[in-house]
Amino acid sequence: MTGSPPSLRVEAAGLAFQNPIILAAGTAGYGRELARVTALDRLGGMVTKAVSVEPRGGARPPRVAEFPGGMVNAIGLANPGLDAVRREHLPWLADHLRHARVLVNVVGNSIEDFATVVHGLTDRPGVAAFELNVSCPNVESGGTEFGLDPIVLAQLVRRVRAVSTRPLFVKLAPTLPDIAATARVAVSAGADGITVINTIPGLVIDVARRRPAVGFGTGGVSGAAVRPVGVLATWRVAQAVTVPVMGVGGVATVDDVLQYLLAGATLVGVGTAALQDPRLPERLVRGLARWCERSGVRGLGDVVGRLEWPS
């Protein structure tokens, strides 16, 4: 007679997730796009594509270029805008997801943009939390990223905190001078969780054309090449704050998931690899359960943050 199967359940920001595997922002659209190829409700959750106040057309094509270590993308945060997401996309998610949690990724040109989007969606059924992409340029203050200025970042988080009781995850860029210190600023201002990392700026050149491979020129690097950066950022942030961390970047195998969990992540986002193979996240859930069973791990509390640092 065998015992009960290992539990993959985790809790983050007061929310229960049936497992830690999350579809990262921008890779799953608003859910409907993947419904025929991915069993979304078997995952821990998904982060929607970005939502801004007004619709955004995005960058000119081509928007994605692959290279041996991953890909570079310049989407330009294209999205249909707050009203369309509220009217068309979130109702579909509420109707189709019963177990997976939905986090809405939010972008803006100003602090008030973030507050407007969150206020406009906070009462929607099925919205579990928000993820604030503070790597956006603050247009009202000369284009500096919100996350680069601790004073502005704190103002942004406090302003959004004032319009919603839903959990707030703040997504940080790996290029910050001190990502742990920035995480502490966000948490002190009211963030309930931290997501690390966003993409890294990069340039892929089409040698035959002697031009950048994507239409915007530069883009965000993601995929296997950034995994060590993401794992290190996760470890640093998890050491600095007590709120849950969602680790994102280069996840394609169960070993990758475990690296993030050991570094201190409670949730693990899958992005580029899921674009290449939409059924991969489901396999990661099953593979993680098998690993736990083989390793005698009954719950992920025995894994999260259990990295043994060399003395």
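Overview of values
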read-out	value
Residue match in the range 76-91 (condition: modelled with pLDDT of 95 or more, within 21 Å of residue 172 (Cα to Cα), outside any helix (DSSP H, G or I) and in contact with a Pro (Cβ under 6 Å, 6 or more places away or on another chain))	no
Residue in the range 148-157 that is over 19 Å from residue 121 (Cβ atoms), surrounded by 20 or more Cβ atoms within 10 Å (Cβ to Cβ) and either hydroxyl-bearing (Ser, Thr, Tyr) or modelled with pLDDT of 95 or more (or both) present	yes
Which listed residue, of 129, 162, 115, is surrounded by fewer than 20 Cβ atoms within 10 Å (Cβ to Cβ) and touching a Gly at 6+ places or on another chain (Cβ under 9 Å)	162
The range 174-186 - residue that is touching a strand residue (DSSP E or B) at 6+ places or on another chain (Cβ under 7 Å) and surrounded by fewer than 21 Cβ atoms within 10 Å (Cβ to Cβ) and, of those, nearest to residue 25 (Cα to Cα)	174
Qualifying position, being within 19 Å of residue 195 (Cβ to Cβ) and either assigned to a helix (DSSP H, G or I) or at pLDDT 95 or above (or both), among 104, 72	104
Strands (runs of 3 or more DSSP E) contained entirely in the range 216-310, each with at least 1 residues that are polar (S, T, N, Q) and crowded, with 19+ Cβ neighbours inside 10 Å	219-222
Residue check, residue 218 within 21 Å of residue 44 (Cβ to Cβ) and hydroxyl-bearing (Ser, Thr, Tyr)	no
All positions within the range 1-52 that are assigned to a helix (DSSP H, G or I), at pLDDT below 95 and either buried (at least 20 other Cβ atoms within 10 Å of the Cβ) or not charged (D, E, K, R) (or both)	34
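The values are calculated or read from the model by the stated rules, or taken from the named source; none is laboratory data. Note that the coordinates shown come from a computational prediction; the quantities given were computed from them, not determined experimentally. Every residue, glycine among them, receives a Cβ derived from its backbone with ideal geometry; neighbour counts consider all protein chains shown.
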